[in-house]
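Okay, structure first, notes after.
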Amino acid sequence: MTPDDGRTARRLSAVLEPVIGQVYFAPECHARYEALGFKGSPGDMNGVARPDGVAYFTSRGSLLGQAPGVLVAAAFGVFRSDIVAAAVRRGWSLTDAPTIRTARDEGALEHLQRILGPSPAGLSTTSELLLRSSRAVRTEGRALTAGLTALDAPDHPFGTVFRCGDILREYRGDSHIIAWVNADLTAIEIGLLTELYWGLQLRTYSRTRGWSDDQYDAAEDRLRERGLIDADGHFTAMGGALREQIEVDTDRQMAPVLAALGDDVAALIDVLSEWSQAIRAAHGYPARGPQDLAATTS
């Protein structure tokens, strides 16, 4: 894969993210989960409705079927396992996988249609391109990707966009886990290195993953022992290079998707970019963040 291919892979991921990741912030999803007995959104961040943790883990975990929490935690990769397991156990006491998965689909689709309209420009072409590229993914070692490929697309104008886009989103996520596990990092360690990669202070964004201060202390000690961060909590040259290599290795695994799209990738990125901007403007997904900046480099 050339550097240009890497930039394209990251750009595709960045513009796809709000179109699919909106499922975790959609008021339409929150309302459906609340009707099943979950808590509603705990509040908003700059106008974007935050997800309830138990509903988030259970709804996304339903892509694996009626899976135990320890399996969901392993598939998600970056969260504290016991917190995920407890959340999923609570979730399965309220509903089952098919029910919450239907609520997830219906809420996300209603949210997309509310913001983008029933038939936005490029819908047919985008559906075809996402379907084509999603059929190129490799499922071995990628649990969430495999779970999604076993599901039919919802019968809805945005059904193919959402299902196939979710396949690509989880495919990159699964591939990223493969890359950092291969680099001999733990879940908390990749979280800390990613904060530095995004230009954030340690223990900020990764707080959303549930780690304790003792766990942070131990992880930072390990990263210093490996020569990846310095005494002040900044990247060493070795640490910065390793974290960039993880992203490059993730980009490389996207090669089948880019090959399936061919020259049509530019048109797909253009449409998804317009949709992403509209979704963010409507507070359907958080405003541009540090991960977007990282996605444009290679």
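Derivation of every value follows stated rules applied to the coordinates shown; laboratory data play no part. Small disclaimer: the values here were computed from a predicted structure and weren't measured. With ideal geometry, Cβ positions are generated from the backbone for all residues, glycine too; neighbour counts draw on all protein chains shown.
Listing for the model above:
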item	result
Segment ARG135-ASP221, length gained on full extension (0.36 nm per residue, minus Cα span)	26.7 nm
Cβ-based exposure ranking for THR2, THR194, in which fewest neighbours within 10 Å come first	THR2, THR194
Packing-based exposure ordering (other Cβ within 10 Å, fewest first) of MET238, MET1	MET238, MET1
Candidates GLY240, GLY107, GLY77: whichever shows maximal mean-square fluctuation once the chain is modelled as a Gaussian network with Cα springs under 10 Å	GLY240
Under 5 Å, built H, 5+ apart or other chain: amide partners of ILE229	ARG224, THR236
Two-site FRET efficiency, LEU36 against ALA121, from Cβ-Cβ distance with R₀ of 41 Å, rounded to 0.05	0.70
Shape of the chain, Cα gyration tensor, a/c cut at 1.5	oblate
Shape of the stretch 183-235, Cα gyration tensor, a/c cut at 1.5	rounded
Per-pair calculated FRET efficiency, R0 = 41 Å: ASP82 and GLN201 via Cβ, rounded to 0.05	0.95
Projected label distance in nm at GLN66 and ALA183, using a 7 Å step from Cα toward the beta-carbon	3.9
Taking CYS164, CYS29 and counting other C-beta atoms within 10 Å, the order from fewest to most	CYS164, CYS29
Value of [θ]222 nm, deg cm²/dmol, for the chain, DSSP H segments ≥ 4, -39500 (n - 2.57) each, nearest 500	-20000 deg cm²/dmol
